[in-house]
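The structure appears below as structure tokens.
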Amino acid sequence: MFDALSEFLTTFSGSYPLPWSLFVMAVVAGFSLVLFFFWEVVFRLLRAVNPFRRTQMGE
Amino acid sequence: MEILFPNAGVAVSLPLLLLLGLILGTLSGFFGVGGGFLITGGLLVFGVPPIFAVGTGLTLIMGSSIINTLKHRRLGNVDIKLGIFMVMGTIPALFLAERLNSALEAAGLAGPVIRYIYVFVLAALGLFMVYDHFKSRRRTGVQPGEISTARLARRVQSLRIPPHSLRIPGFGTVPTYVSLPKSGIERLSIFIPVGIGFGVGFFAGLLGAGGGFILMPILIFVLGVPTTVAIGTDLFQIVITGSVGTLLYSLSNHVDPMMVVIMLVAASAGTQLGTTATKFVEASGIRVMYGLTILSGSVAVGLEQAASVTGSDSFSSAASFLLLGVAGTMCLIILGLLVKAKRSGQTSPATGHH
């Protein structure tokens, strides 16, 4: 699995510069959005679990 | 536990990468800077080749700035209108600076010129911010946290720059002044943020950084934007500069996306800490901590220049360890301030928030 991923990354980056750079930007931007929403959900769950606290981290 | 990164062709310790990502996310969220000088130095210490350290660092800055900007937007700290006007100046400046950088590179001057500019700019900004903090504390009759350049900021805001209106096909005559209520600015000529964006973009392109370390103090001290809004808006701008940097470096295949993704996970956790702390820490406290951090950055770049002149690796190692040491200490201070504020039930900074 890891070998296949390494092979894909090295081959793709070396062979197709423009699609590769767009791929890198899309992956990083998409992953950033996923992480942002992940933390949003985590803090909402924390608030739901502990409703008596007035303030929570992430507010 | 080491992982081999196929694009950079180097094996790096996973816990160290996560720690670097966490530090970057925390400082980026707290200070509103990309942290290019920190991430590049850190990756160099881990043995990542220099060109990959810069390219991978810029890509990580793009990702962490997206998370930070969204987070600050939720806290009401991003002035989108001001950010868009600055971006209009930044994008052409980035390409202009890239041309100048290439010319300097061809002449064999890029390294020393960039390092000398870094040392001077970081030292000047850092010293000024520390000076402003102590000057504000000494003065009487001013609000706590008020900046020492309030008069300059008012003068800049009141500048009237011709033409006062522009004819745009399809829109008719459009005034060249905008109101920026989020930044507390009643009326501002659009040429000022566009000009600031151009200047910052030029420096960012020349130095290969996001430019946040210059923009954040300019927004506060020259334009008079409140500190927390300056931090959020600055990050919005860094998303653009980071994206352009990512595009350029990945085109030349000098980015390792796997390394970026791993560090981004830790950076996103640090972001939660840094951005939340801006709600609780006094604005002047944020500014003086930022000043001290970039002063250490200035010393570190000076040590890098000494390393290139003398050929001694020990200067280079000292520079990277200094940067990581100061950054780690700042993260612990931020964590301590946050815990203290939470324990005392504080919901906003104790004093002035400008």
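The values are calculated or read from the model by the stated rules, or taken from the named source; none is laboratory data. This structure is a prediction, so every number in the text was calculated from the model and none was measured. Every residue, glycine among them, receives a Cβ derived from its backbone with ideal geometry; neighbour counts consider all protein chains shown. In case anyone asks, the SASA skips ligands and DNA or RNA and just uses the protein heavy atoms, side chains included. Shrake-Rupley method; radii C 1.70, N 1.55, O 1.52, S 1.80 Å.
Residues that are modelled with pLDDT of 85 or more, more than 25 Å from residue B:183 (Cβ to Cβ), touching a helix residue (DSSP H, G or I) at 6+ places or on another chain (Cβ under 8 Å) and not small (Gly, Ala, Ser) do occur in the stretch B:60-70. Would you call residue B:296 at the interface with chain A (Cβ under 9 Å from one of its Cβ atoms), within 17 Å of the chain's Cα centre (by Cα), surrounded by fewer than 24 Cβ atoms within 10 Å (Cβ to Cβ) and in a helix (DSSP H, G or I)? So residue B:296 fails the test. Would you be able to say whether some residue in the stretch B:80-101 is open to solvent by 10 Å² or more (accessible area, probe 1.4 Å), at pLDDT below 90, more than 14 Å from chain A (Cβ to nearest Cβ) and assigned to a loop (DSSP other than H, G, I, E, B)? No, the conditions are met nowhere in the stretch B:80-101. Just give me the residues in the stretch B:300-350 being within 21 Å of residue B:20 (Cα to Cα) and within 14 Å of chain A (Cβ to nearest Cβ), in sequence order. Listed by number, the residues that qualify are B:334, B:335, B:337, B:338. Of everything listed in (1) under 17 Å from residue B:60 (Cα atoms); (2) at the interface with chain B (Cβ under 9 Å from one of its Cβ atoms), the single unmet condition for residue A:30 is (2). Could you check how many residues of the stretch B:17-26 are open to solvent by 10 Å² or more (accessible area, probe 1.4 Å) and either within 17 Å of residue B:239 (Cα to Cα) or basic (Lys, Arg) (or both)? Summing the residues that are open to solvent by 10 Å² or more (accessible area, probe 1.4 Å) and either within 17 Å of residue B:239 (Cα to Cα) or basic (Lys, Arg) (or both) in the stretch B:17-26 gives 0. State all residues of the stretch B:54-69 that are crowded, with 24+ Cβ neighbours inside 10 Å and either at positive phi or among the hydrophobic types (A, V, I, L, M, F, W, C) (or both); if no residue qualifies, say none. Answer for the stretch B:54-69, where residues must be crowded, with 24+ Cβ neighbours inside 10 Å and either at positive phi or among the hydrophobic types (A, V, I, L, M, F, W, C) (or both): B:58, B:60, B:61, B:62, B:66, B:67. Checked against the criterion of being free of Cβ contacts under 8 Å to residues at least 12 places away in the same chain, more than 14 Å from every other protein chain (Cβ to nearest Cβ), surrounded by fewer than 23 Cβ atoms within 10 Å (Cβ to Cβ) and not hydroxyl-bearing (Ser, Thr, Tyr), the stretch B:33-53 has at least one qualifying residue.
Return yes or no: is residue B:255 assigned to a loop (DSSP other than H, G, I, E, B) and surrounded by 23 or more Cβ atoms within 10 Å (Cβ to Cβ)? Spelling it out, residue B:255 is indeed assigned to a loop (DSSP other than H, G, I, E, B) and surrounded by 23 or more Cβ atoms within 10 Å (Cβ to Cβ). Right, residue B:264: in a helix (DSSP H, G or I), at pLDDT 85 or above, open to solvent by less than 50 Å² (accessible area, probe 1.4 Å) and farther than 18 Å from residue B:17 by Cα or not? So residue B:264 fails the test. Applying the criterion of being under 16 Å from residue B:317 (Cβ atoms), of a type outside the set (S, T, N, Q) and part of a helix (DSSP H, G or I) to the residues of the stretch B:38-67, the residue that is nearest to the chain's Cα centre (by Cα) is B:38. Restricting attention to the stretch B:1-10, the residues being in contact (Cβ under 8 Å) with a residue 12 or more places away in the chain, of a type outside the set (Asp, Glu), open to solvent by 10 Å² or more (accessible area, probe 1.4 Å) and not in a loop (DSSP other than H, G, I, E, B) number 2. Listed by first and then second residue, the pairs linking a residue in the stretch B:233-253 that is over 26 Å from residue B:75 (Cα atoms) to a residue that is of a type in the set (Gly, Ala, Ser) and surrounded by fewer than 20 Cβ atoms within 10 Å (Cβ to Cβ), with Cβ atoms under 7 Å apart and 6 or more places separating them unless they lie on different chains, are B:253/A:14.
For the stretch B:242-252, a residue qualifies if it is in a helix (DSSP H, G or I) and either surrounded by fewer than 24 Cβ atoms within 10 Å (Cβ to Cβ) or not hydroxyl-bearing (Ser, Thr, Tyr) (or both), and the qualifying residues are B:242, B:243, B:244, B:245, B:247, B:248, B:249, B:251.
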